[in-house]
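The values are calculated or read from the model by the stated rules, or taken from the named source; none is laboratory data. Since the model is a prediction, treat every value here as computed from it, not as a measurement. Virtual Cβ from ideal backbone geometry, glycine too; neighbours counted across all protein chains shown.
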Amino acid sequence: MSTPVIGVTMSHSVNKVEMPTQVILEAYLEALRNAGCIPLLIPSGISEEQTREILIRVDGLLLTGGGDIAPQLFQGDQHAAVYDVYPQRDTLEIGLVRAAVDERIPFLAICRGAQVVNVAMGGTLYTHIDDQLAGALDHHGAETRDFSKPVHDVHITLGSRLHEVLGLAELKVNSLHHQGIKRLGQGLVAVASAPDSLIEAVEVPDNPFGVAVQWHPEWMQQDAPQRALFQALADACE
Ligand code: MN
């Protein structure tokens, strides 16, 4: 069995002398390496058609967290809190998701990644949960900079792929997002929710492993169920 090569999407940033860069947080790479995978970074800036060529060269995908998706891509409400919109990243990731769904390529999507999966499949987002979801919990972890700290519970749907991988029906998760899934995209199944009813995970049933979570398992690698998500991605690639 060969080592799974996982394509990893990146964030835009600037370096110390204000030059544009694309970056990846080490936590994602470490979680993949610990699951026996080789991470292969996929920078933004290629066309939606070219993403299909990328997928010939990788065994699976990790769609990472980051800034917001352009609201016009899902007819979303403009909001002053929308930040770090990079159209090139949206183009890359939406293309990757559609191709991965069509070609049944395993993927794990995290936070922004889960939102990208939903938008790619025609769903919509709350562009600022606090102002748009009545009774919303604190999902943005405002009181802590400890990303590994559990913020709220999620209820996992019995019989889902996520449930099978985690081995749990309830899980405490971190939460570092201000947007979330509003209307579910086509072909997706909601498989976890927060106590305020916000969707916290979705999956593509007809895929060896097509799972998207709104929390950040890469920051909770101290917990075996969170490590199991990365392991399940690796196993699905073989
Ligand atoms: Mn949350």
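Here are the numbers:
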item	result
Some residue of segment 86-97 being part of a strand (DSSP E or B) and either in contact (Cβ under 8 Å) with a residue 24 or more places away in the chain or acidic (D, E) (or both)	no
Positions within segment 100-119 being assigned to a helix (DSSP H, G or I) and over 16 Å from S44 (Cα atoms), in sequence order	A100, V101, D102, E103, A114, Q115, V117, N118, V119
Within segment 157-193, tally of residues that are in contact with a His (Cβ under 9 Å, 6 or more places away or on another chain) and over 13 Å from A114 (Cβ atoms)	7
Qualifying residues in segment 1-15 (those that are of a type in the set (G, A, S) and within 22 Å of the chain's Cα centre (by Cα)) - the one farthest from P43 (Cα to Cα)	S13
Residue within segment 204-226 that is at positive phi, surrounded by fewer than 17 Cβ atoms within 10 Å (Cβ to Cβ) and either modelled with pLDDT of 95 or more or within 16 Å of the ligand (Cβ to nearest atom) (or both) present	no
Subset tally (residues that are surrounded by 14 or more Cβ atoms within 10 Å (Cβ to Cβ), farther than 20 Å from T91 by Cα and not charged (D, E, K, R)) for segment 1-33	8
Residues of segment 148-198 classified as within 11 Å of the ligand (Cβ to nearest atom) and of a type in the set (G, A, S), total	5
Residue within segment 120-140 that is aliphatic (A, V, I, L, M) and in a strand (DSSP E or B) present	yes
Residue within segment 150-165 that is assigned to a loop (DSSP other than H, G, I, E, B), among the hydrophobic types (A, V, I, L, M, F, W, C) and surrounded by fewer than 24 Cβ atoms within 10 Å (Cβ to Cβ) present	yes
Sole exception among (1) in contact with a helix residue (DSSP H, G or I) (Cβ under 7 Å, 6 or more places away or on another chain); (2) within 20 Å of M10 (Cα to Cα); (3) at pLDDT 95 or above for F147, by number	(3)
For E48: the one exception among (1) more than 19 Å from G185 (Cβ to Cβ); (2) of a type outside the set (F, W, Y); (3) part of a loop (DSSP other than H, G, I, E, B)	(1)
Residues being over 20 Å from Q115 (Cα atoms) and either buried (at least 17 other Cβ atoms within 10 Å of the Cβ) or free of Cβ contacts under 8 Å to residues at least 12 places away in the same chain (or both) - total across segment 51-66	6
Near pairs, Cβ below 9 angstrom, 6+ apart or cross-chain, from segment 177-188 (of a type in the set (V, I, T)) to any residue that is more than 16 Å from the ligand (Cβ to nearest atom)	I181/G123; I181/T124; I181/L188
